[in-house]
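K.L.:
Take this structure, written in structure tokens, and hold onto it; I'll ask about it next.
The values are calculated or read from the model by the stated rules, or taken from the named source; none is laboratory data. Everything quoted here is computed from the prediction, not taken from an experiment. Cβ: placed from backbone, ideal geometry, glycine included. Neighbour counts: every protein chain shown. Keep in mind that these areas ignore ligands, DNA and RNA; they rest on the heavy atoms of the full protein, side chains included. Shrake-Rupley method; radii C 1.70, N 1.55, O 1.52, S 1.80 Å.
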Amino acid sequence: MKDILVRIGGEGGEGVISCGEMLTTALARSSYEVYTFRTYPAEIKGGPAMFQVRASDESVLSQGQAADILITFNEEAFQLHGKSIHPDGLLVYDPAHYKPEGTFEGYAVPLDEITLKVVKTKFGKNVVALGVCARILGLSIGLLEEMVRDRFGKKGENVVNKNIEALKAGYDYVDQHPFHKDIPKFEAIQSPIKRIVMSGNEALSIGAISAGCRYYGGYPITPASDILEFMEKDLPKFGGAVVQTEDEISAIASVVGASYAGKKAMSATSGPGLALMVEILGLAAMSEIPIVIVDAQRGGPSTGLPTKNEQSDLNLAVYGAHGDAPRIVLAPGDVEECLYTIVQAFNLAEKYQTPVLFLTDQSLAHRTQTFPWPDFARVPIVNRLLPTEADLKEYKRFAMTANGVSPMALPGMEGGCYAATGLEHSERGSPNFTPQMHTQMSAKRAKKLQACSHEKGFTARFGAEKAKIGIIGWGSTQGVIREGVELAAKAGISVAHLQVKMISPLPEADIREFLACVEQVIVAEINYGGQFNQMLRGRFLVPTLSFTKCEGLPFYAEEILAKIKAVAAGSEKAAVGVALARS
């Protein structure tokens, strides 16, 4: 098995991210599995940036921890990431900047000098570094030239040629100055599986379009801005419209209006923007208009950590409302699931005529992964319930039904006129403030979530079928928990893993079944307060063990393993079975 982690560090503006992206694409096109992670500065100019790619000829579940190869553009990058080098790893550094010390092999490459000599400016150091790394890994120079042409083609032939010269200069330097470490080679291999490589933001954008989204209203905010940019470029090709509004309030308001008019509509934001959207979310819940809102979470509160990772918007997503404003909340576990689960988000919004919030985070939004070529037939498309001719004779938009869902007329339907009001209303949509009507309508709206809680396919089981220890996660933690559980199995500790993909309403039957078959339960999530853990304890009355991380970074598989070992050793305990029986 080949498995390598390459980390690149430098200053924002030096091309760290583009270097990593081209390397990732080259590895993916060579038929290797890839999994990336990046951090970048929140400042407009400058600040440390890092990109890492883990590549393997087998499935990759997490970003990895120790770097086999660390490429540093300056001394600060070494100070930040030097401790993360594997003890027998390889450090690529520019001797003009600093001289490192450590158990690793230091491989001196005069990046600045080579760049100045070839390109005549300091810009292009990232492409020289790309050439160095490509040669170390044994990647084809022809393939890398393709990457450069794809990346810089729009800037003209002169720019392309200069960058190819820089690429070859880095590539040739390694041939002329060999290093000693035995690094596995990643020559192109044949694969029977047709794969695609993309980020979480790209995947969910493609999924939304395939689900029938034809209106997108948005306002730029990290880390969701890529979705707006993608939709601006591609949605019009499918007959859709995109509006960049003046703020998030206008964005969600326009989405509600587009859906009222009959179009599947979406917006994407992050925590601060979602906070602004809360009032209109209530309007969509009250008027029973289907919308989809993506929340690419980042560190908070307030402006918080704009470019760092966190899963701390869960309470806002589930409970952020005045009054009882039901909504569905979904959380995909990886890039492939971003594509398919956003289709399910639109399906549920249309089926239950309610807002659906779709929780990703900075890690998942910008993570690049390989997965099999999409099969859109996996998730059949669902459209909203329209009124029949009989319904339109005496149309009641908010008619009481067994499951709470009423036929929704579109503007222009004869007899289908109604008021989509934020006021409490009668079955016809006329304002009505009587105690009886408010109780009936509140129950009607709640029924839809009760029905949704029985939807299948919103949990996934991994690990051992039977185990004393169980671990529950949600969202982007899926892969790293799976890898931690696999490491535990190799250490002789059986662990069952449940990943929850619908946070509201909770898939209670699946969760209760899981809780009943284990003695200890760990709930792992990337926030300080253990928000999902509190939700599970409150709902199921079980003493779970909260395991959180609040550093702006994802979990490492080794951290999951350490927690499992602590529970297995008895240093942390919580009895689940007795409390579950009482509930």
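K.L.:
So, of the residues in region 399-414 that are in contact with a Leu (Cβ under 8 Å, 6 or more places away or on another chain) and open to solvent by less than 70 Å² (accessible area, probe 1.4 Å), which turns out to be nearest to THR354 (Cα to Cα)?
P.N.:
So, considering only residues that are in contact with a Leu (Cβ under 8 Å, 6 or more places away or on another chain) and open to solvent by less than 70 Å² (accessible area, probe 1.4 Å), the one nearest to THR354 (Cα to Cα) is VAL405.
K.L.:
Given the structure, is ALA365 of a type outside the set (Phe, Trp, Tyr), without any contact (Cβ under 8 Å) to a residue 12 or more places away in the chain and in a helix (DSSP H, G or I)?
P.N.:
The answer is no for ALA365.
K.L.:
Moving on. Restricting attention to region 409-457, report how many residues are of a type outside the set (S, T, N, Q) and outside any helix (DSSP H, G or I).
P.N.:
So the answer is 25.
K.L.:
A further question follows. For region 465-501, enumerate the residues that are over 20 Å from LYS573 (Cα atoms) and modelled with pLDDT under 95.
P.N.:
Correct list: GLU465 only.
K.L.:
Let me ask something else about it. So is LYS99 open to solvent by 40 Å² or more (accessible area, probe 1.4 Å), basic (Lys, Arg) and without any contact (Cβ under 8 Å) to a residue 12 or more places away in the chain or not?
P.N.:
Considered against the rule, which asks whether it is open to solvent by 40 Å² or more (accessible area, probe 1.4 Å), basic (Lys, Arg) and without any contact (Cβ under 8 Å) to a residue 12 or more places away in the chain, LYS99 comes out as yes.
Results for (1) free of Cβ contacts under 8 Å to residues at least 40 places away in the same chain; (2) touching a Lys or Arg at 6+ places or on another chain (Cβ under 8 Å); (3) not small (Gly, Ala, Ser), shown as yes or no for each residue.
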site: SER250; (1), (2), (3): yes, no, no
site: GLY257; (1), (2), (3): yes, no, no
site: ALA261; (1), (2), (3): no, no, no
site: ALA285; (1), (2), (3): no, yes, no
site: PRO290; (1), (2), (3): no, yes, yes
site: GLN297; (1), (2), (3): no, no, yes
site: THR303; (1), (2), (3): yes, no, yes
site: GLN311; (1), (2), (3): no, no, yes
site: LEU314; (1), (2), (3): no, no, yes
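K.L.:
Oh, and also: Just to be sure I understand, how many residues within region 228-276 are among the polar types (S, T, N, Q) and surrounded by fewer than 20 Cβ atoms within 10 Å (Cβ to Cβ)?
P.N.:
Residues flagged as among the polar types (S, T, N, Q) and surrounded by fewer than 20 Cβ atoms within 10 Å (Cβ to Cβ) within region 228-276 amount to 3.
K.L.:
If you don't mind, another one. Quick one: which of MET198, MET147 is under 30 Å from PRO372 (Cα atoms), surrounded by 14 or more Cβ atoms within 10 Å (Cβ to Cβ), modelled with pLDDT under 90 and not basic (Lys, Arg)?
P.N.:
Result: MET147 is the single residue among MET198, MET147 that is under 30 Å from PRO372 (Cα atoms), surrounded by 14 or more Cβ atoms within 10 Å (Cβ to Cβ), modelled with pLDDT under 90 and not basic (Lys, Arg).
K.L.:
Which condition number in (1) under 26 Å from LEU487 (Cβ atoms); (2) open to solvent by 10 Å² or more (accessible area, probe 1.4 Å) is the one that TYR40 fails?
P.N.:
(1)
K.L.:
Quick one: in region 360-377, of everything that is closer than 25 Å to SER267 by Cβ and surrounded by fewer than 20 Cβ atoms within 10 Å (Cβ to Cβ), which residue is modelled with the highest pLDDT?
P.N.:
PRO374
K.L.:
For the structure I just gave you, tell me whether LYS396 is open to solvent by 10 Å² or more (accessible area, probe 1.4 Å), in a loop (DSSP other than H, G, I, E, B), out of contact with any His (no Cβ under 8 Å at 6 or more places or on another chain) and charged (D, E, K, R).
P.N.:
When the stated conditions are applied, LYS396 passes them.
K.L.:
If you don't mind, there's one more thing I want to ask. From (1) open to solvent by 20 Å² or more (accessible area, probe 1.4 Å); (2) without any contact (Cβ under 8 Å) to a residue 60 or more places away in the chain; (3) of a type outside the set (Phe, Trp, Tyr), pick out the condition that doesn't hold for GLY320.
P.N.:
(1)
K.L.:
In region 201-215, which residue that is touching a Phe, Trp or Tyr at 6+ places or on another chain (Cβ under 9 Å) and not small (Gly, Ala, Ser) is surrounded by the most Cβ atoms within 10 Å (Cβ to Cβ)?
P.N.:
Only one residue tops the list, namely LEU204.
K.L.:
Can you spot a residue in region 272-279 that is within 30 Å of CYS417 (Cβ to Cβ) and either of a type in the set (A, V, I, L, M, F, W, C) or in contact with a helix residue (DSSP H, G or I) (Cβ under 7 Å, 6 or more places away or on another chain) (or both)?
P.N.:
The answer is yes, given that some residue of region 272-279 is within 30 Å of CYS417 (Cβ to Cβ) and either of a type in the set (A, V, I, L, M, F, W, C) or in contact with a helix residue (DSSP H, G or I) (Cβ under 7 Å, 6 or more places away or on another chain) (or both).
K.L.:
Right, another one. Keeping to region 150-179, report how many residues are among the aliphatic types (A, V, I, L, M) and either open to solvent by 70 Å² or more (accessible area, probe 1.4 Å) or farther than 18 Å from GLY15 by Cβ (or both).
P.N.:
Adding up the residues that qualify gives 1.
K.L.:
If the requirement is being of a type in the set (Val, Ile, Thr), more than 30 Å from the chain's Cα centre (by Cα) and more than 20 Å from HIS177 (Cα to Cα), which of these qualifies: VAL132, VAL159, VAL128?
P.N.:
Criteria check complete, one pass: VAL159.
K.L.:
If you scan region 35-56, which residues turn out to be in contact with a strand residue (DSSP E or B) (Cβ under 6 Å, 6 or more places away or on another chain), outside any strand (DSSP E or B) and of a type in the set (A, V, I, L, M, F, W, C)?
P.N.:
Hits for region 35-56: nothing passes.
K.L.:
So in region 378-387, with the set limited to residues that are surrounded by 13 or more Cβ atoms within 10 Å (Cβ to Cβ) and touching a Phe, Trp or Tyr at 6+ places or on another chain (Cβ under 7 Å), which one is farthest from TYR260 (Cα to Cα)?
P.N.:
Here the answer is VAL379.
K.L.:
Sticking with this structure for a sec: Can you name every residue in region 415-429 that is open to solvent by 60 Å² or more (accessible area, probe 1.4 Å) and either closer than 19 Å to GLU394 by Cβ or not aliphatic (A, V, I, L, M) (or both)?
P.N.:
Of everything in region 415-429, those that are open to solvent by 60 Å² or more (accessible area, probe 1.4 Å) and either closer than 19 Å to GLU394 by Cβ or not aliphatic (A, V, I, L, M) (or both) turn out to be CYS417, ARG428.
K.L.:
Would you check if ALA390 is open to solvent by less than 90 Å² (accessible area, probe 1.4 Å), within 21 Å of PHE346 (Cα to Cα) and in a helix (DSSP H, G or I)?
P.N.:
Answer is no for this residue.
K.L.:
Any chance you could count how many residues in region 125-144 are open to solvent by 10 Å² or more (accessible area, probe 1.4 Å), of a type in the set (Gly, Ala, Ser) and touching a residue at least 24 places away in the same chain (Cβ under 8 Å)?
P.N.:
2
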